[in-house]
Structure formats: structure tokens, C-alpha cells
Amino acid sequence: MTDATLSSLPVSSLPRQGGLLRTILSADPPRSKALSLLLLVVLLALVATPFALPGSQPLGTAAKICIFILLAASYDLLLGYTGIVSFAHTMFFGIGGYGIAIALNKLGATWSSVFIGLVAALALSAALAFIIGLVSLRVRAIFFSMITLAVASAVLVLASQMSGITGGEDGMSFQLPPELRPAFKLGTFLDTAINGRLLAYYLVFFVALGMFLLLLRIVNSPFGRVLQAIRENEFRAEALGYRVVSYRIAASVISALAATVAGALLALWLRYNGPDTTLSFAIMIDVLLMVVIGGMGTMYGAVIGAALFVLAQSYLQVLMGSISESLAAVPLLASLTHPDRWLLWLGILFVASVYAFPGGIVGRLRKTS
Amino acid sequence: MASASNPTPALETRGLTIRFGGHVAVNAVSCAFQPGTLTAIVGPNGAGKTTYFNLISGQLKATAGSVLVDGRDITRLPASARTHRGLGRAFQLTNLFPQLTALENVRLAIQSRAGAGWSMFNIWDTRRDLIEEAEAMLETVHLADKRHLSPKTLSHGDQRKLEVALLMALDPKIYMFDEPTAGMSVDEVPTVLELIHQIKARGDRTILLVEHKMDVVRSLADRIIVLHNGALVADGEPASVIASPIVQEAYLGLEAAHD
């Protein structure tokens, strides 16, 4: 892990090359040919999915990848760059989802409902993150983790019980504004119908891309450098004049806001929000795994981690199903490769990858180059 | 200590005390430090010198007493706010950002002084001036060729120099050095002493120096104060303090035992 964090800082006295790409990537390029190639493949695949792969399942997977890249990247800001562990990240994800769901359900399927729902969710997330940070980050970073766990559990219970507002365990479906409905048609391009569903996908794609680049900018700003200094030695950062608690609270609020946007995108995409799609602790663990597998404190790790994880979630079961069938004659292997065991195999893959690449995939790729 | 005719002290402690359980580590230390002076703080190990420093710069909270900078009470301020009031501190045990480059370590200190830490939407190297200043500072401490190395890969002596560079990068009104030459090789010591001498020669900076080496103290200090068991036991001109019986007995005797 140490080598990965070291290499997460670009060498600073290289002559500054101007250029659009440098500005877009905030002077923090992938710094590995293999990684650049991998990121380019992910980007092109996400752009082209609607035209290259027909059907709703690939599009749904691509949208989920976009959203989880944003969610994992916002978690990396906290875990990888600031060095604090939060268990409330899916709570903010859920607040974004519920903000959209409740607003569109109660106020009608209009763009102003989307706007109101999003702004209300962002305000609630910012307030919660600020208060949690204020009461817990003054003490110790570990206390923050405990508090986030407690608050997130409370919110999960609350969301499940207040069924009048949130739809309870069943969650809540709603209509999208007309432009995002499948029935909204603009014509065809490359044999693909340009409809509301496609517009919704590109809305998710471009918002996630923009937010990712914004997070990349923030971690490479003077502020981002302070966060990394705090991660390295909070005592010295304070002695240099950086109020550690304020920086940590700010990082926590920014991270929460980005997670809220991700939750709003997921709700818009699914036209539904419920405890299991955004709030559950299972998702919290998934996000943690995405960041660790991809490489903490690198931002690009979130892209690789989220893409791999969502693909595995969507297709590992299918792959295992066919393996299991072909091994039907072999009793033990057939049951080991049963699709229901996919989490077991994902777990084994996780342990193996953490053991083999302690700096995550990005750390590994940067080392070899 | 400060007579009525003196200007407001740059730094003053009044009855500064800290207790750890039953142990009084710093015991009612009252002392004023005039602008532009270099005061050496001596005393045997465990006398409370570093603890006294920690109380002044805010790493520890005082049980009783107060700390004043330019006559204003800063006792309730956190360490970061004290830094912005002009207190700068170098640490006895090297205390750096181990995995960031030497240049980034220094740049962070300059960035803090420039008040640029909250800038979120610019790339860090937009402030070219901060980088150039950091490079000049590394030049000053003879670490320019090692600017892309991280402290964990630097030699002990180089880490000490980087520690001094971080303090000089802050350019505080009050410099606090805690055994800046400890563990340095003989040929590296003059570099650091020369830097301290240059800061002193500017005349507008107040320097506190914890130091064991008596020859260093003699050559740099305008004044010596002696801490023993957490209490201030002697204070005055270097020659008279070193000659005083209490120092001969309490400090120099023990120093000999240490060596």
C-alpha cells in the first residue's frame, strides 16, 4: 500500500505542460500505459454501450457502472485521500435516491421536482455530514467510524419504518419527466432508437463523468494536498497551521454530496428507490471492496474497481451457471460453482487480489510501468 | 523578569503548568521572551523542556497558566491557530510527512503560510510561486538534489535538515527549535547552526532553542533559562547561568552522566 500512496503524488517539478487533457485530468494522469488503456476501454465501452450492445441488460449494467464509479470515487476521497473510514456512505447514497423518489412521487413527474428533490437531498446530506463530523471528528477518527455506523443504522431503520413517506421496505416507484421516458422518441441513429431511455443513460453518464473529474480536481487541489498531509501525519499538519478537524469535516461533506448525486442518478435510472438499492450495508461493503481492489488514494482505482465489481456482479453468476451445468456430473464441483456461490468466489478473488496487489490494481499497474 | 520599561514580550508564559496524573511535568513556569532575542532552554532529560514547548505551541493543553503572543492570550487556541499567530515549531523527533516528497513537505508549509489550503478547484501547481519558494528553501538546507525523495528514504541528518526547512518555510515570528542538531553527523551540524544564526541576525525574529550542547548554547544564546523537574530554576546571561552552582550541579553534572 505504501508504494501506491507514494506514487499517488505526481512528480512536481516536471515542466508544466499546458493542454486541455492536463487541465481535464487535473495534472494527475494515469501514469501507466496499461492503466491508460484500461481506462480508455472503460470510457469507450460506456460511451458506446447503447449503440454497440442492444437490449436493456447491458445498458443497465453500464449505467450501474457509471453510478458506482462516482460512488466509489467519492468514498476514495474520504478513505484513500483523507484516511478516515466512514460507514455512512450509502446513507448519503440513499438520501440522494429518496430525494428524487419522494419528490417525483409526491410533486409530480417534472424537471422541477427533480431539481427540488436533488437540492433537498444535497442539503440534508451536507447538514448530516457536517453534524456527524463536528461531534465525532474532534475526538478521534475511529470515533467517527463508530458514529457513522450508528447513524447509518438508525437511518436505515427509519427509512424502512416511515412507509408513509419512503414506501418502507417496498421502496417507491415513480414516473420520470417525459423526456426521460422510453416513449419519448427523437428518431434513430446507427440503427438505434434515440428515445428517453437513451437520454436517461447519457444523463447518468455525463453527470457521473463530470462529477468524477470534479473529484479528481479536488484531490489534486491545494486542499487535496492538505488532505493527504493529514492522512500522512495529522499532528504535523496541525502544527503547520492546518486545522485538521475542519479539513476532515469538509472532506466528509464533499464526499457525502457526491454520494448523494450518485444516489439521485441511480433512482432516476431505476425509476425506483428502496432500502435495498441504495441504503443497505451490503452496498457499503461493495463500495469498500471497489475502492480497495481498484487502489486507494488514486481515484482511477474507483473506475477500475467499480467496473470490475459491477461486471462480476452481473455476469459472474451467468458464467458460473454455465460452468456448473457443464460440471453437473461432478458432485462437489457442481455445487461449488452453483450461481448462488458467486459471492464466495468473489470473496476468494478479493482476498487473492489484496494479497497479490496490496496497492490495488492501479498501484500494481503503476509499479510495473 | 521583564521590567516595566521593556516592550511587550513577543512570547510570555504565566504560571504555565501541566500535570499528568500526580506528576507535574511543567510547574508554574513564568517567563517572557523579548522580540529579537535567542533564548536557550537547558536542563537534564526529563526536565520538561519539550513539554514546555508543547504547551506553548499547543500540542498539549495546559492544566493551569497561560501563553501570550504579543500580549494576547492564545491559551485556548488549537495548535493550527497558534501557528497563524506566529508560533513556529520544529520537532525533536523528526515529524514529517513520510511518504510525500521533500519538496511537497516544504511546499505544504509554504502553502499554509500563504493561506491557500482551502483552494479546491485549482490544480495545486497553479501556485507556481509556492513551488519555487519551496525549491529555494531546499536549496538553502542543501537538499535541492533530494527534493523528489520522501523522508522515509532520507538519512537521519537529511530528515533533520528537512525538519528545519519546514519551520523556516513557515517563517514564523517566533522560532522554536527542539534540539535541531540531535543525531546529526559532525559535518552537518554547522549548516543548521549557520541557519539559526542567520535567522537571529535578521533581528526581528524571536528564537527559543532547546539544546544540550553547551558550546552551541554559548555561541548563539543571548540568555539561558534552566528547567529542572519542570520548574524554572535559573535565568540570565549565558556566562553567569552556566557558572551558577545550581546549573553546575543540576544540569552539567547530569549531562556528564548522560554522555
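For the residues of B:79-90, the average number of beta carbons from a partner chain within 10 Å of their own beta carbon is 4. Applying the Karplus relation 6.51 cos²θ - 1.76 cosθ + 1.60 with θ = phi - 60° to region A:293-310 yields 3J(HN,Hα) values of 5, x, x, 5, x, 10, 6, 5, x, 5, 5, 5, x, 5, 4, 4, 5, 5 Hz, where x marks Gly and Pro.
On the basis of the beta-carbon distance and an R0 of 35 Å, A:Ser173 and A:Leu53 show a calculated FRET efficiency of 0.85.
Would you please classify the overall shape of chain B from the alpha carbon gyration tensor, given that a ≥ b ≥ c denote the square roots of the eigenvalues, rounded means a/c under 1.5, and beyond that prolate means a/b larger than b/c while oblate covers the rest? Cα axes put chain B in the prolate bin. For chain B, the antiparallel share of DSSP beta bridges with both residues in that region comes to about 55%. Shape analysis of the protein assembly as shown yields a ratio of the Cα radius of gyration to the Kirkwood radius, Rg/Rh, of 1.08. Bridges between two residues of the protein assembly as shown, per DSSP, are antiparallel at a rate of about 60%. Within the accessible area of chain A, what % is carbon and sulfur when the probe is 1.4 Å and the other protein chains stay in place? Carbon-and-sulfur percentage of accessible area, whole number: 72. In summary, the lysines within cross-link reach of A:Lys367, defined as a Cα separation below 17 angstrom excluding same-chain residues under 8 places away, comprise A:Lys33. For region A:162-201, what class follows from the C-alpha gyration tensor (a ≥ b ≥ c being the square roots of its eigenvalues): rounded when a/c is under 1.5, otherwise prolate if a/b is larger than b/c, else oblate? Here region A:162-201 falls in the prolate category. Heavy atoms only, probe 1.4 Å: what % of the accessible area of region B:22-160 goes to carbon and sulfur, would you let me know? Within region B:22-160, the accessible surface is 51 percent carbon and sulfur.
Each label point was placed 7 Å from the Cα along the Cα-to-Cβ direction; for B:His197 and A:Ser145 their separation is 5.1 nm.
A cut-off of 5 Å between modelled amide H atoms, ignoring neighbours fewer than 5 places along the same chain, links B:Ala10 with B:Phe33, B:Gln34. A 1.4 Å probe run over the protein chains yields, for the protein assembly as shown, 41 Å² of accessible area per residue, whole-number rounding.
Taking a straight line from the alpha carbon of B:Lys161, these lysines sit under 27 Å away, with near neighbours fewer than eight places off in the same chain left out: B:Lys49, B:Lys146, B:Lys152, B:Lys173, B:Lys200, B:Lys213. Checking the cross-link filter: which lysines have an alpha carbon closer than 24 Å to that of A:Lys185, excluding same-chain neighbours under 8 positions apart? Cα-Cα hits under 24 Å: A:Lys64. From the Cα gyration tensor of chain A, with a ≥ b ≥ c the square roots of its eigenvalues, which class applies: rounded if a/c is under 1.5, or else prolate if a/b is larger than b/c, or else oblate? Judged from the Cα gyration tensor, chain A comes out rounded (a/c under 1.5). Adding -39500 (n - 2.57) for every DSSP H run of four residues or longer, then dividing by how many residues the protein assembly as shown holds, sets the calculated 222 nm ellipticity at -17500 deg cm²/dmol. Applying a DSSP loop filter and a limit of 14 other Cβ atoms within 10 Å to the trypsin sites (Lys or Arg not before Pro) in region B:116-213 leaves nothing. Interface size, chains A and B: roughly 3700 Å² of accessible area buried, both sides included, 1.4 Å probe, rounded to the nearest 100.
The values are calculated or read from the model by the stated rules, or taken from the named source; none is laboratory data. Remember, predicted model here, so these are calculated numbers, not experimental data. Reconstructed Cβ throughout: ideal geometry from the backbone, glycine too, with neighbour counts over all protein chains shown. Calculation scope for accessible area: heavy atoms of the full protein, side chains included, ligands and nucleic acids excluded. Shrake-Rupley method; radii C 1.70, N 1.55, O 1.52, S 1.80 Å.
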